[in-house]
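Visitor: Below you will find the structure I want to go over with you.
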Amino acid sequence: MAGWHPGVVTCVNNSSPRAVKVDIWSDIACPWCFVGKRRFERAVADWDGDVEVEFHSFELAPDTPVDFEGSEVDFLAHHKGMDPAQVAQMLQQMTVLAAEEGLSYDFDALRHTKTLLAHQALHFAKAHGRQSELKERLLSAYFEQGRHVGRIDELVELATEVGLDGEDLRRDLESGRYAADVDADIAQARAYGITGVPFFVFDGRLGVSGAQAPETFREVLERVVAEASA
């Protein structure tokens, strides 16, 4: 599946269950992932059918320190080798685009950090039936509220807000209980040829990369159902 491009639908295999299962690879520190989540949700809201969503781990910058000293402009300028002024302009454009989806990005307050523990927390949340709720909370905390989602104390507090047991999460994060699950997600992404996120896989057969328009997601949902009933 290497070489996929935004908007391109690619076959993965031939299985097709009745319900539409959508596996989404994304990173907490990915501004397009939050935008893509909103656009996908709009597509599902306008579509007459059942959708089951599961989020999977992906680290855009695995070498990021937990406590990065500097602004988002500093990080991106160094990581991407871009001029700081160009990065600042890019972030401003991203802020405007996110606002069109009802999101209030605050890159000045953003605390850039390694997202590995946040991904482990999402696996904990999946095991307890709250993955979607925690995913939304983490994205909002990171992009809109300047929360430090790389620290256990902060993750425990955010998880508690969505109804999860904070002390159970703390224990599992400290023990690394879900580290292997994160590694498995990343390995599956590599096997699929996923190099950027968000990435959506419909019924394990059709892949769509990028934060596409709701109409694109809806067309893929309709195609999956049509092929399943053919």
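Visitor: Of the residues in the stretch 43-68, how many are over 13 Å from the mean Cα position of the chain (by Cα) and within 16 Å of Tyr142 (Cα to Cα)?
Guide: 6
Visitor: Go through the stretch 142-158 and give me each residue that's of a type outside the set (D, E, K, R) and surrounded by 21 or more Cβ atoms within 10 Å (Cβ to Cβ).
Guide: If the condition is that a residue be of a type outside the set (D, E, K, R) and surrounded by 21 or more Cβ atoms within 10 Å (Cβ to Cβ), then Tyr142, Phe143, Val149, Gly150, Leu155, Leu158 are the ones that fit.
For (1) at pLDDT 95 or above; (2) hydrophobic (A, V, I, L, M, F, W, C); (3) surrounded by 16 or more Cβ atoms within 10 Å (Cβ to Cβ); (4) within 18 Å of the chain's Cα centre (by Cα), each residue gets a yes or a no:
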| site | (1), (2), (3), (4) |
| --- | --- |
| Ala184 | yes, yes, no, yes |
| Ala189 | yes, yes, yes, yes |
| Phe202 | yes, yes, yes, yes |
| Gly207 | yes, no, yes, yes |
| Glu215 | yes, no, no, no |
| Ala226 | no, yes, no, no |
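Visitor: Can I ask one more? Could you pull out every one of the helices (runs of 4 or more DSSP H) wholly within the stretch 160-230 that has 2 or more residues that are in contact with a Phe, Trp or Tyr (Cβ under 6 Å, 6 or more places away or on another chain)?
Guide: 166-175, 214-229
Visitor: Can you tell me which residues in the stretch 175-204 are aliphatic (A, V, I, L, M) and over 24 Å from Thr216 (Cα atoms)?
Guide: Passing the criteria: Ala179, Ala180, Val182, Ala184, Ile186, Ala187, Ala191.
Visitor: List every residue pair whose Cβ atoms sit under 7 Å apart, with the two residues 6 or more apart in sequence or on different chains, where the first one lies in the stretch 182-206 and is charged (D, E, K, R) and the second, anywhere, is in a helix (DSSP H, G or I).
Guide: Filtered contacts from the stretch 182-206: Asp203/Val224.
Visitor: Right, something else. Among the residues that make up the stretch 118-141, is at least one of them farther than 30 Å from Gly49 by Cβ, modelled with pLDDT of 95 or more and of a type in the set (Ser, Thr, Tyr)?
Guide: Checked against the condition, which is being farther than 30 Å from Gly49 by Cβ, modelled with pLDDT of 95 or more and of a type in the set (Ser, Thr, Tyr), the stretch 118-141 yields no hits at all.
The values are calculated or read from the model by the stated rules, or taken from the named source; none is laboratory data. Not measured: the values here are computed from a predicted model. Positions of Cβ are generated from backbone atoms using ideal geometry, with glycine treated the same way; all protein chains shown enter the neighbour counts.
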